[in-house]
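The block underneath contains the structure these notes are about, expressed in structure tokens.
Quick note: the coordinates plus some simple rules give every number you see, no bench work behind them. Quick caveat: nothing in here was measured; it's all calculated off a predicted structure. Neighbour counts run over all protein chains shown; Cβ positions are idealised from the backbone, glycine included.
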């Protein structure tokens, strides 16, 4: 009972840390409220700022993608209980983001800027919509499993986790990776695109484009020909709203 109680508290604590990081990220990327910002007055030479920023982004990408691979999970769960695997992943991802928030170096300069109040409002609205798409998609996948709460709850109630299931959540009928569509909207919808923000957007976009084949390789290994067929008929990142319904594979806990 004590172990199960600890598991529940551990999962809840990791999730609350994630929520705090998510809220901070909205302000950090959007450029408001938070003490540290993606955009700001540079304090280092350009080459030093680039080295620091790209190092932070690389560290996050390696942790976030590497720990999501099935091979790593099989090794990792020899060291940690299975119920703790996802929550620990969420915790370490959150810590990597906190490091990025704390040590990010502004670069200065403006690549482009929205002209006029109307265009500013349009771009800012796209930024807000991106966050809504992102959050909505997590619930399509299974929000509570994605962030480790379902696993610790299953451990608390002594239930066996359900295997990956095929189903047809709304956005997945039109695009294979709506989660990444939301992220891309967030990264690029900047009313004022500073050089630092542009570096951030380019690096994170490159990460997404590299991560998709890895994630899809894992999905093919799990679902076989069913995912191969889904991939043939559904766009990767640019939605196609044809109105047709498909049965699609979504693995519980998939995240790159």
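A few points about this structure:
- Most mobile of 176, 240, 69 in a GNM of the chain (Cα contacts under 10 Å): 240
- Shape category assigned to the stretch 87-146 from the gyration tensor of Cα positions, a/c cut at 1.5: oblate
- Axis of helix 116-141 versus longest Cα principal axis of the chain: the two differ by about 10°, to the nearest ten degrees.
- Calculated mean residue ellipticity, 222 nm, the chain: -21500 deg cm²/dmol, from DSSP H runs (n ≥ 4) at -39500 (n - 2.57) each, averaged per residue and rounded to 500.
- Cα-based shape type of the chain, given that a ≥ b ≥ c are square roots of the gyration tensor eigenvalues and the cut on a/c is 1.5: oblate
- Most fluctuating residue given options 116, 31, 71, as computed from a GNM of the chain linking Cα atoms under 10 Å: 116
- Comparing mean-square fluctuations of 25, 102, 201 from a GNM of the chain with C-alpha springs under 10 Å, the top value falls on 102.
- For the stretch 120-172: rounded, prolate or oblate by the Cα gyration tensor [a/c cutoff 1.5]: oblate
- Fully extended contour minus Cα-Cα distance, from residue 117 to residue 58, at 0.36 nm per residue: 17.7 nm
- As a length-normalised measure over Cα pairs under 8 Å and 6 or more apart, the relative contact order of the chain settles at 27 percent.
- Label-point gap, in nm, between residue 138 and residue 158 - each point 7 angstrom along Cα→Cβ: 3.2
- Zone of residue 126's modelled label, taken as backbone nitrogen in the stretch 144-187 under 18 Å from a point 7 Å along Cα→Cβ: 178-187
- Stretchable slack from residue 236 to residue 95, in nm (0.36 nm times residue separation minus alpha-carbon distance): 47.8 nm
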